[in-house]
Amino acid sequence: MPHPNRLTALLVGFLVGAMLPGPLAAQFTAPPPPAAYALQHATVVRADGTELANVTLVVRGGLIEAIGPDVPVPEDAMLLEGDSLRVYPGFIDAQGKADYEFPEEEVDRSQIESWAPPRSVQSFTPHRRVVDHLTAIGTDLASARRQGVVAAAVHPDGRLMPGRGALLLFRPSAGTPTEMVVQPALGPMMSFRGAQGVYPSQHFGVLAFMRQTFEDVRYVQVVETAYQRDPRGMTAPNWDPDFLVLRDGLSGNVPVFFAADGVEDIRQVLELADAYGFRPVILGGDEAWKLADVLRDKNVPVLVSLDFPKPTRWDPKKDTVEADLDPAVLREKERLEHIYANAGRLAAAGVTFALTSGGTGGDLRTGARTAIEHGLAEDAALRALTATPAALLGVPQFVRAEPGFPANLVITDTGLFEEDADIMYTFVEGSLERGKRPTGGDAGGDADAAPANIGGEWQLESSIMDQTRRGRMTIRQTGDTFTGTTTVEDGTLRIESGSVSGNRVTFVIQFDAGGQMIEIRYSGTVDGDVITGEMTMEFGSGTWTATRTPGEGA
């Protein structure tokens, strides 16, 4: 595969060159991105719930340039499609997802003494950082941006004390993981999940281990202080990277993120925090409502997971009288409804809380709607997705929908939490991610029919203004979705958001053109081993045809 810049030149040179007059075409190797974007007749809803109706919004250079009823649309701005759109601050997922991979350490467990295992086997590794092992880049997070997420805190998953997370801004143009990093090291992550097959594996042992570890950290600090005061008669203390991280947490300099759902686990977190002085942030907190007054008085935030448990017996869609329910069904119903109502009860009690995907990267609005149906006010839900997580993570400027602040915005066609609301656009520092096409309408084809079979190898031909380029396309289909790659000359790009509805096909290809993410949207109609359709992008459109290579069907 060629260098990314070479691939950009190949694709953009073709697509732009095909649309420009001959003498001018040679002057460009990449399309100039729009100097600005504009929306007209929009309603801006700020994180505090205040609204500005019927305004024009202008985004330029990564920032919000202007908002107001009398703001003119600049001549160099691209006017985005859509009527009566609503503009919200972008979502900050305080327990979100981006791919990382901690290295697996090969250990012969038969040679390990279960009562004295190495730290890596215990999952006692506070020094490890997600930022050092990130693999995700900007294009990998397109689906999250289309769901309105502009930034996320990615905490390490694991037992006991697996490490420290990172705060990422989901920049579409990020070609490397580090280009998304805002804060490389958040506070340490902890949980009461014991180690596997070694000490501490049981809950009581985990509590004892944590207390002993915290006491050891305190003791080492006393020794180091004494050595710095007068080293005579003392050997130099050992440097311990895990203790160093925990010392920072116990000093209160950084919050300690503690996964706890049950009321007793949360109570034990608070007791540890009181005893050792750290500032806890509860992750998950399914039963936090039972300690709402205590959490409020101690000013302990809760990152409420919207990754709700799925009912196995109770059907929430059925309007059933509780007296008619089987006892097991009734118990499940009551348990789940308490979890759904958790956020609303915390809000009513004055507890600081944010709504998160629980580390899954799932759709925040779906979970938020469930919480709203069970007592959470919509304005409180908006704050819990924007202003509160931004403040907890130290980036309040990320969600200020005001001139001069970063353009991190979510734009919908109707109220954010309405069932049929679609996200049309998401801005991350002024970079545009398109969601559902504002024009809508019937895409044609029979949506109720079984999805056409499009798996296999295809010869691809794309045309813009009578200029043609040829390549190959590989499609891997699963039901009504597909992934794959497309090759143009000597460059390969990934197919994203592939969907088959009857005989209609849609997919997206993205690439970085000199720091500006260019998105090409494909739509087409399947007729046996041939697909024909249109391709659109911000500065032009064309047609494409794909012919399946004989014998290469899925």
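Projecting label points 7 angstrom from Cα along Cα→Cβ for residue 532 and residue 212 puts them 7.5 nm apart.
With the simple model of a label 7 Å out from the Cα in the direction of the Cβ, residue 414 to residue 274 spans 4.9 nm.
Using the average count of surrounding beta-carbon atoms within 10 Å as a protection proxy, the listed peptides 196-207, 382-393, 230-241 rank, highest first, as 382-393, 196-207, 230-241. Given in Å, the Rg to one decimal and the Dmax to the nearest whole number for the Cα atoms of segment 28-147 are 24.1, 74.
Multiplying the residue separation of residue 120 and residue 461 by 0.36 nm and removing their Cα-Cα distance gives an extension gain of 117.5 nm. Taking the longest Cα principal axis of the chain as reference, the axis of helix 364-373 is set at about 70 degrees. Starting from the Cα gyration tensor of segment 164-238, take the square roots of the eigenvalues, sort them a ≥ b ≥ c, and report rounded, prolate or oblate (rounded when a/c is under 1.5, otherwise prolate if a/b is larger than b/c, else oblate). In terms of gyration-tensor shape, oblate.
Model label sites at residue 83 and residue 230, defined 7 Å from Cα along the beta-carbon direction, differ in position by 8.5 nm. Given a Förster radius of 30 Å and the C-beta distance between residue 63 and residue 179 as r, what FRET efficiency does 1/(1 + (r/R0)^6) yield to the nearest 0.05? Here the calculated transfer efficiency is 0.95. If you fit an axis through the alpha-carbon atoms of helix 263-276 and take the longest principal axis of the Cα set of the chain, what angle between them do you get, 0 to 90°, nearest 10? So the inclination is approximately 60 degrees. Counting only alpha carbon atoms, the long axis of helix 203-229 and the longest principal axis of the chain meet at about 80°.
Note on the chain: helix-only mean residue ellipticity at 222 nm, from DSSP H runs of 4+ residues weighted -39500 (n - 2.57) and normalised by residue number, equals -7000 deg cm²/dmol. Between residue 318 and residue 525, the contour length at 0.36 nm per residue exceeds the Cα-Cα span by 70.7 nm. For segment 222-355, the spread of Cα coordinates along the three principal axes comes to 79, 28, 20 Å, biggest extent given first. Taking the average, over residues, of other Cβ atoms within 10 Å as the packing measure, peptides 411-423, 278-290, 305-317 rank 278-290, 411-423, 305-317 from highest down.
Translational diffusion coefficient of segment 125-168 at 37 °C, 0.692 mPa s, Stokes-Einstein with Kirkwood Rh over Cα pairs, in µm²/s as a whole number. Diffusion coefficient, whole number: 285 µm²/s. When each of the peptides 91-103, 365-377 is scored by how many other beta carbons lie within 10 Å of its residues on average, the order from highest to lowest is 91-103, 365-377. Averaging the Cα positions of each part gives two centres, and for segment 150-173 and segment 329-358 these lie 24 Å apart. If you take the square roots of the eigenvalues of the alpha-carbon gyration tensor of the chain and sort them as a ≥ b ≥ c, do you get rounded (a/c under 1.5), prolate (a/b over b/c) or oblate? Prolate, because a/c is 1.5 or more and a/b exceeds b/c. Among the listed pairs 97/310; 317/436; 333/436, a Cα-Cα separation exceeding 24 Å is found for 317/436; 333/436.
Choose one of 96, 148, 214: the residue whose Cα lies farthest towards the positive end of the charge dipole of the chain (beta-carbon charges +1 Lys, Arg; -1 Asp, Glu; about the Cα centre). My answer, from the dipole projection, is 214.
Readers should treat all values here as calculations from the given coordinates under stated rules, not as data from a laboratory. Model, not experiment: these values are computed from the prediction. No Cβ is skipped: glycine too gets one built from the backbone with ideal geometry, and neighbour counts run over all protein chains shown.
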